[in-house]
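These notes concern the structure reproduced below.
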Amino acid sequence: MQGYAEYRRREYCNDVQCPIQVLLNREADKSPRYEEIRAICASHCLHTTHEFHQWLVAKGYMIVRPEHQ
């Protein structure tokens, strides 16, 4: 949408200084070690969707979708 910024990948993770994200930031993108650490996020995230949603609201993000799908 014009005039709005989209959420950037891992913006929340970096902003809250997630310790898993800190480890990811030290690795080369898509390297075997990176993918190993990333798997932790996919299956055992340290944060809840509620925390993420509250962060989105606090940062002024809006969640939108097309009226008809």
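Where a number appears in this text, it was derived from the coordinates with a stated rule and is not lab data. The shown structure was predicted, so the numbers you read here are calculated from the model rather than taken from an experiment. No Cβ is skipped: glycine too gets one built from the backbone with ideal geometry, and neighbour counts run over all protein chains shown.
A compact table of results
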| item | result |
| --- | --- |
| Cross-chain or 6+ apart pairs with Cβ under 8 Å, the range 27-55 first and surrounded by 13 or more Cβ atoms within 10 Å (Cβ to Cβ), then among the hydroxyl-bearing types (Ser, Thr, Tyr) and in a helix (DSSP H, G or I) | Glu27/Tyr34; His47/Tyr12; Phe52/Tyr12; Trp55/Tyr12 |
| Some residue of the range 23-38 being touching a Leu at 6+ places or on another chain (Cβ under 9 Å) and among the aromatic types (Phe, Trp, Tyr) | yes |
